[in-house]
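The values are calculated or read from the model by the stated rules, or taken from the named source; none is laboratory data. Just so it is clear, the structure is predicted and the values come from calculations on it, not from any experiment. Neighbour counts run over all protein chains shown; Cβ positions are idealised from the backbone, glycine included.
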Amino acid sequence: MKAPARLHVLLMTLALAGLAGCTVRKISVPHIATDLQPLPPPRERAFAPSFDCTEAGSAVQDMVCGSPTLAALDKELAAAFRRQLREGDLIGRDQLLATQRHWLVTRRADCAIPAARQPDLAPDPQMEACLAGLYRQRIAAIAAWSVPLQRDALAPMAAYVEVTGADYRDPGLCTPLAALLEAQVQRSGTIDPAHLPALTELAGTHGAAVAEQPFHLAVSSFEGGADQGYGLRARALFAGDAQRPAFDQAAFTKWIKAQPNAGGRFSLSESDAKDFAAIDVIRYQGRLLALAVEPWGYYSPAAIGESSYAGLVEILGPGQVEPRCLFKTYQRPPIHGEFDTLANFGQLTALLDGLQGMPSDEFVANDRREAYLFDQELRWSLVNQPLIGTAEVRQAGWAGWLHHRQDALLEALFAWSERDLASKRLYRRLIELLQPAQAELAQTFQQSQGLKPGEAQQAAELVLLELMAHRIGTYPGSAAIEAAAPTGLLSYRQHFPTAPAAGDLEAGRPIRSLYSAVLNRLPEDAVEDYVKYEFLVPGNAHSTGAAGETSLMAAVEQPDTTTMLLQAGADPNEANQWHKTPLMAAAQLDRLETARLLIEAHADVAAVTVSFSAAESGVPMFQVHTGGRTALMYAAAGGHAPLIRLLLDHGAKPGDRDTAGRNACDYLRDNAGLSDAERKEAMALLCR
């Protein structure tokens, strides 16, 4: 499919699940098929960038793999980018990812790098210098990225996290410490011993990695991958012995297993990676202790109703620890698939899932995997912890950027809908679903999580904003990707409603051609003026849509307009670039009256389409079809017996076959809109 025909406003969605309120034990990223031509394996390098050069798919990636300077800069950028992703807030990460995608897809053009791949050639010095400059600029921009949050008096995480006792073996120690930790959760939404004045941090996740007093104390930490949000994680506590851990997940899960009903856990370990969100060695009440905290939220992959835990152990000497306090620290909200049953939201999600463009070649497999994983985290969090997302929008001033992006998306969506009748029909259906879907979401948030009406409405709007952005935004440099820093959009005034109603996007928009007037169903007198201009003024060209779709093809849902066009001299056999005719368009939509008008005007019932690959501008993905189709095949696939009979009565041949060898009877088997009686009647006509 050639580039002009892609749904260039539509974002590749990497096998996204519906926005259901379920949790995830293991994340499986599907195989992403590409249409890249195989290339000879590049020669081995003594250096490597942040990605696997065997997965390179573009000229820019080949250049990076062929230059030690660019490879080093690529690694430096990746490290800085991941650090910011780890430290950013939920909505801020989404914006940062968008700017990174924008940078990736624009760098080739910015440095005038040819699109043709030549992976075994040394990089051009001038292009390499330009690209190195872009890398340095991007690294500086990432380093300067900062969106300060204005914290509320109550942290939104406190709505989902509560520190409660599970196993107090030393109540005098555990009870006051639990109160301190709960107060910190309420205040900041975290458990960070380094910021509690009653505690002294010696070593660990929130302090130095190693302390030597009273003996060697260390916490092994690592940066998680994209499937852990690049977060810093802790594996084990070492006390007096740098080789043998004194406390780790094995010891922790053994402790939990000893609780009644195994702590209410279906799995012994809360973390698939067998690690902790944090381990800190502290002094409290004159005692040497270590606090190990499991991850919360999306990164604590437990089932509904399970809890994350925190364990406090006392370090009695080198290699000697004793369990003291086991705390429950996180209880998932009561989401049990409520979003799975929302009819309008489900239809909207399915509709958006069908609008998938192709990913840019500028994204290696890890880029696509990273985008998918962060999108999964964002969607899970917005559904299961809605107060966090709405609080971040308020505290960091994200509303301006979100609405600016939504306006750009809606503008691009309308422009895309002007391509052809199929796009316009799909666009209308999408617009019809937005407001009902938002209302369903808001009601569900009230019922399932007890949100107040205003809170539920804000949460539903945020889900819709992100759903639209991730499904109909575009990687390859669309206006829907906001590349500017968000601080300039704090006072942005929204142009369109978040969920526009039918007609909101069309209001005040000029119509500049007959084709657009027909497509947008202008009143008959207005269409008549355009007809007079295009058909009665000598020398005026006839306007068309994508791939040469004619006004007559766009009018097949409107018999009166079809009659007006035919009377003005529109050719019933004028086809688009892949030879689809108005009669085929009418048959595809089961428009009996329009089909009769076209046949009376001598439309050719025997006309056939060419393969979509032969079309000059290609075909939208949802219109991809087999070549050699006739109007009768279209009618058999989606029409009813009266239309089929009309075509047969005027010479259509049921035995004709398309380029895949299918005839009208074969297409009839795919027609899901027929009753048993109608199918029997149609089969009698076609399957002889």
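What about T253, is it surrounded by 13 or more Cβ atoms within 10 Å (Cβ to Cβ), at negative phi, hydroxyl-bearing (S, T, Y) and within 38 Å of the chain's Cα centre (by Cα)? If you could, list the steps in order and put the result at the bottom.
Working: surrounded by 13 or more Cβ atoms within 10 Å (Cβ to Cβ): yes; at negative phi: yes; hydroxyl-bearing (S, T, Y): yes; within 38 Å of the chain's Cα centre (by Cα): yes.
Answer is yes for this residue.
Can you tell me which residues in segment 581-596 are surrounded by fewer than 21 Cβ atoms within 10 Å (Cβ to Cβ) and either without any contact (Cβ under 8 Å) to a residue 40 or more places away in the chain or out of contact with any Gly (no Cβ under 6 Å at 6 or more places or on another chain) (or both)? Please lay out each step first, then the result.
Within segment 581-596, the first condition is being surrounded by fewer than 21 Cβ atoms within 10 Å (Cβ to Cβ), and the residues that meet it are 589-590, 592-593, 596.
Once the filter is applied, which keeps residues that are surrounded by fewer than 21 Cβ atoms within 10 Å (Cβ to Cβ) and either without any contact (Cβ under 8 Å) to a residue 40 or more places away in the chain or out of contact with any Gly (no Cβ under 6 Å at 6 or more places or on another chain) (or both), segment 581-596 yields L589, L592, E593, R596.
Please determine, by comparing only the residues of segment 266-281 that are charged (D, E, K, R) and under 18 Å from C325 (Cα atoms), which one is modelled with the lowest pLDDT. Talk me through it step by step, then tell me what you get.
As a first pass, look at segment 266-281 and keep what is charged (D, E, K, R): 270, 272, 274-275, 280.
In the following step, the residues that additionally are under 18 Å from C325 (Cα atoms) were identified as 270, 280.
Details: E270: 48, D280: 97.
My answer is E270.
From the list L490, L451, which residue is aliphatic (A, V, I, L, M), buried (at least 17 other Cβ atoms within 10 Å of the Cβ), under 24 Å from I388 (Cα atoms) and modelled with pLDDT under 95? Show your work before the answer.
Working: L490 fails: buried (at least 17 other Cβ atoms within 10 Å of the Cβ).
Going through L490, L451 in turn, the sole match is L451.
For segment 207-250, name all the residues that are in contact with a His (Cβ under 9 Å, 6 or more places away or on another chain) and either of a type in the set (D, E) or surrounded by fewer than 20 Cβ atoms within 10 Å (Cβ to Cβ) (or both). Can you show your working first?
In the first step, residues of segment 207-250 are kept if they are in contact with a His (Cβ under 9 Å, 6 or more places away or on another chain); the result is 210, 238-242.
Listed by number, the residues that qualify are V210, G240, D241, A242.
Out of segment 409-419, which residues are buried (at least 20 other Cβ atoms within 10 Å of the Cβ) and of a type in the set (G, A, S)?
Scanning segment 409-419 gives a single hit, S417.
Has segment 87-98 got any residue that is under 22 Å from D52 (Cβ atoms), at pLDDT below 85, within 20 Å of the chain's Cα centre (by Cα) and assigned to a helix (DSSP H, G or I)?
Here is the first cut: in segment 87-98, the ones under 22 Å from D52 (Cβ atoms) are 97.
Then drop every residue that is not at pLDDT below 85, which leaves none.
For segment 87-98, residues under 22 Å from D52 (Cβ atoms), at pLDDT below 85, within 20 Å of the chain's Cα centre (by Cα) and assigned to a helix (DSSP H, G or I): absent.
Just wondering, is there one or more residues in segment 151-164 that are among the acidic types (D, E) and in contact with a helix residue (DSSP H, G or I) (Cβ under 9 Å, 6 or more places away or on another chain)?
yes
Could you run through segment 282-307 and say how many residues are outside any loop (DSSP other than H, G, I, E, B) and either at pLDDT below 90 or among the aromatic types (F, W, Y) (or both)?
So in segment 282-307, the residues outside any loop (DSSP other than H, G, I, E, B) come out as 282-284, 287-293, 297-299, 307.
Within this subset, residues satisfying the condition of being either at pLDDT below 90 or among the aromatic types (F, W, Y) (or both) are 284, 297-299, 307.
Counting residues in segment 282-307 that are outside any loop (DSSP other than H, G, I, E, B) and either at pLDDT below 90 or among the aromatic types (F, W, Y) (or both) gives 5.
Checking the condition in contact with a Gly (Cβ under 7 Å, 6 or more places away or on another chain), among the polar types (S, T, N, Q) and either part of a helix (DSSP H, G or I) or not assigned by TED's automatic domain parsing to the domain that holds A586 (or both), which residue from S381, S423 passes? Walk me through it before giving the result.
Details: S423 fails: in contact with a Gly (Cβ under 7 Å, 6 or more places away or on another chain).
Residue meeting the stated conditions: S381.
When you scan segment 148-168, do you find a residue that is of a type in the set (S, T, Y), in contact (Cβ under 8 Å) with a residue 60 or more places away in the chain, under 30 Å from E322 (Cβ atoms) and not in a helix (DSSP H, G or I), even just one?
Looking for residues that are of a type in the set (S, T, Y), in contact (Cβ under 8 Å) with a residue 60 or more places away in the chain, under 30 Å from E322 (Cβ atoms) and not in a helix (DSSP H, G or I), one finds at least one in segment 148-168, hence yes.
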